[in-house]
Amino acid sequence: MRKALRWLLSLVVLIGTMTATAATAGAATAAEPDIKDRILAIPGMSLIQEKPYAGYRYFVLDYTQPVDHHNPYRRATFQQRITVLHKDTDRPTVMYTSGYDVSTTPSRSEPTQLVDGNQVSVEYRYFPESRPTPADWSKDDIWQAASDQHAIFKALKPIYAKNWLTTGASKGGMTATYYKRFYPRDMDGVVAYVAPDDVVNNEDSAYDRFLANVGTKECRDKLAGVQREALVRRGPLEKKYQAYAAANGYTFKTIGSLDKAYEAVVLDYVWGFWQYHLLAECATIPADAAHAGDQAIWDSIDTISGFSFYTDQGLAPYTAYYYQAGTQLGSPTIKQPWLGKLSRYGYQPPRNFVPRDIPMRFQPWAMRDVDTWVKHRADHMLYVYGQNDPWGAERFSLGAGARDSYVYTVPGGNHGSKVALLPSAQKSSATAAILRWAGLNANASKPAPFDAKLDAPALTKEPALRP
């Protein structure tokens with residue numbers, strides 16, 4: 001009997017050992033593939049570069065998209081540039097877009113830092129690295145771009161299965177809004193910063209009222225004085241501009257002439273100050289413009305507006321934006337009565353900033369549709385604006401049909417306004433909403449530690465009158 005028991009005991013031990021060995025082998029076999037391999041297994045996804053960054057994996061990728069999502073099975077495709085900042089597949093994911101090109105330097109948007117998540121950054125179609133060849137410009141519209149984002153989301157969602165948010169600032173905030181409007185079930189939340197909403201393109205009195213009252217009278221008068229002097233001294237300053245252009249190889253074929261380019265830069269000056277600067281910075285503006293030297297006037301205009309922008313070389317990277325501004329998005333036209341009759345051209349339309357061989361036709365219904373949808377159907381959407389940012393003069397607003405959605409304003413804020421700059425109670429409310437939409441417990445969740453490189457604000461200054 002003892003012998004039988006010993007044999008039985010030995011058999012149990014043997015079976016247990018074999019089972020444990022098999023389980024270990026099975027676990028090794030079933031180990032999750034490397035995240036790069038999983039991403040590159042997606043049809044149409046190709047690697048451009050992986051860049052090391054502590055605590056993350058960072059990939060620069062191309063993703064094959066149809067030029068026309070209405071006819072996706074046609075052969076016409078293009079490579080869309082995207083990046084993936086990988087934290088962990090168990091974390092939420094944020095889809096970010098600037099609405100323009102995509103940076104290939106690792107960075108985090110504010111929502112990504114708040115939810116300590118992954119970030120997928122998307123270059124907008126028809127910007128230089130994501131432009132079909134040949135370019136059918138009629139496909140550079142908000143629905144096609146939203147469909148690009150939808151395709152990327154569907155491709156990556158099986159890997160990043162937790163909640164998704166979409167975000168962006170300025171045109172990126174507009175882009176996030178349009179994506180939600182056309183594909184409302186994709187994203188669990190939208191965080192849109194300083195997003196303009198130009199519903200009626202030829203009615204821009206809200207901007208005129210804003211510029212007549214923003215900041216202080218003292219600051220407004222100083223800015224107006226410099227702008228007037230730049231037009232009064234058009235002759236000598238345009239000679240300086242001509243020399244500047246020749247020295248840098250700049251040309252003016254798209255806008256039509258150096259004179260038009262010069263005035264466009266000058267007319268952006270007041271708007272550009274309030275877009276990118278704070279009231280305290282008015283101390284840097286020449287106080288007595290009429291007695292300031294030509295160089296002082298030139299330097300102030302150049303610092304805020306940038307004399308290189310309306311050259312062919314300055315405009316070329318933004319053809320896709322100005323095409324959309326002239327076909328769907330709309331663009332501001334402001335009066336600036338303090339200039340009297342000094343302006344020869346007034347605010348020039350987007351048509352002047354797009355090569356003439358690209359046809360353009362405005363679609364007035366596009367923004368009305370989005371605005372109506374946001375007012376009555378917004379769900380899990382957060383908008384943040386700056387009090388002193390001109391783009392906020394025409395902004396998204398919420399109607400009775402909106403659910404769990406919010407609009408906040410940063411006191412004294414400019415075009416760089418964000419949740420962190422809101423008053424304490426609003427900051428807490430906005431942060432709680434973002435965490436809730438990300439599927440996180442607001443009381444138990446902590447943001448990722450601040451990283452001076454990942455979380456640094458963008459250093460490149462966008463030109464004025466471009467959201």
Single unsatisfied condition, Y383 versus (1) open to solvent by 10 Å² or more (accessible area, probe 1.4 Å); (2) in contact with a strand residue (DSSP E or B) (Cβ under 6 Å, 6 or more places away or on another chain):
(1)
Could you list, in sequence order, the residues of the stretch 229-252 that are within 22 Å of Q313 (Cβ to Cβ), open to solvent by 10 Å² or more (accessible area, probe 1.4 Å) and in contact (Cβ under 8 Å) with a residue 12 or more places away in the chain?
E238, K240, Q242, Y244, N248, G249, Y250, T251, F252
Output the number of residues of the stretch 101-123 satisfying the condition of being under 23 Å from M360 (Cβ atoms) and touching a Phe, Trp or Tyr at 6+ places or on another chain (Cβ under 6 Å).
1
Condition test on V232, is it farther than 30 Å from A438 by Cα, under 25 Å from the mean Cα position of the chain (by Cα) and modelled with pLDDT of 95 or more?
no
Taking interchain pairs and intrachain pairs at least six residues apart, which have beta carbon atoms under 6 angstrom, with the first residue in the stretch 65-78 and farther than 16 Å from D141 by Cβ and the second open to solvent by 30 Å² or more (accessible area, probe 1.4 Å) and not aromatic (F, W, Y)?
T77/T64
Farther than 30 Å from W143 by Cα, open to solvent by less than 20 Å² (accessible area, probe 1.4 Å) and touching a helix residue (DSSP H, G or I) at 6+ places or on another chain (Cβ under 7 Å): does that describe W298?
yes
Residues satisfying the stated conditions in the stretch 120-152, i.e. within 16 Å of D62 (Cβ to Cβ), of a type outside the set (D, E, K, R) and not in a loop (DSSP other than H, G, I, E, B)
V120, S121, V122, P128, S130, Q149, A151, I152
Taking the condition under 18 Å from A448 (Cα atoms), open to solvent by less than 30 Å² (accessible area, probe 1.4 Å) and in contact (Cβ under 8 Å) with a residue 12 or more places away in the chain, does R108 pass?
yes
The stretch 306-329, subset open to solvent by less than 10 Å² (accessible area, probe 1.4 Å) and small (G, A, S), residue nearest to E394 (Cα to Cα)
A325
Could you list all residues from the stretch 207-250 that are of a type in the set (G, A, S), assigned to a helix (DSSP H, G or I) and more than 30 Å from G412 (Cα to Cα)?
G235, A243, A245, A246, A247
Within the stretch 386-417, considering residues that are modelled with pLDDT of 95 or more and open to solvent by 60 Å² or more (accessible area, probe 1.4 Å), the one farthest from S429 (Cα to Cα)
R395
Return yes or no: is W373 open to solvent by less than 50 Å² (accessible area, probe 1.4 Å), among the aromatic types (F, W, Y) and out of contact with any strand residue (DSSP E or B) (no Cβ under 8 Å at 6 or more places or on another chain)?
yes
Please go through the stretch 134-175 and give me each residue that is under 14 Å from Y321 (Cβ atoms) and either among the aromatic types (F, W, Y) or touching a Lys or Arg at 6+ places or on another chain (Cβ under 6 Å) (or both), ordered by number.
W137, A145
Only residues that are among the small types (G, A, S), part of a strand (DSSP E or B) and either touching a Gly at 6+ places or on another chain (Cβ under 7 Å) or open to solvent by less than 20 Å² (accessible area, probe 1.4 Å) (or both): list them for the stretch 153-173, please.
G168
Give the stretch 253-275 a look and list any residue that's touching a residue at least 40 places away in the same chain (Cβ under 8 Å) and surrounded by fewer than 19 Cβ atoms within 10 Å (Cβ to Cβ), or say none.
K253, G256, D259, K260
Subset of the stretch 139-151, residues in contact (Cβ under 8 Å) with a residue 40 or more places away in the chain and crowded, with 23+ Cβ neighbours inside 10 Å, comes to D140, I142, D148, Q149
Any residue at all in the stretch 177-196 that's of a type in the set (F, W, Y), outside any helix (DSSP H, G or I) and farther than 23 Å from Q348 by Cβ?
yes
Failed item in (1) out of contact with any Lys or Arg (no Cβ under 8 Å at 6 or more places or on another chain); (2) crowded, with 20+ Cβ neighbours inside 10 Å; (3) under 30 Å from K87 (Cβ atoms), with V226 passing the rest:
(3)
Collect the residues in the stretch 275-287 that are modelled with pLDDT of 95 or more, in contact with a helix residue (DSSP H, G or I) (Cβ under 9 Å, 6 or more places away or on another chain) and assigned to a loop (DSSP other than H, G, I, E, B), keeping them in residue-number order.
H277, I285, P286
Out of curiosity, is L440 in contact (Cβ under 8 Å) with a residue 60 or more places away in the chain, part of a helix (DSSP H, G or I) and either closer than 24 Å to K162 by Cα or open to solvent by 30 Å² or more (accessible area, probe 1.4 Å) (or both)?
no
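The values are calculated or read from the model by the stated rules, or taken from the named source; none is laboratory data. This is a predicted model, so every value here is computed, not measured. Note that each Cβ is placed from the backbone with ideal geometry, even for glycine, and that neighbours are counted across all protein chains shown. Only protein heavy atoms, including side chains, enter the accessible area calculation; ligands, DNA and RNA are left aside. Shrake-Rupley method; radii C 1.70, N 1.55, O 1.52, S 1.80 Å.
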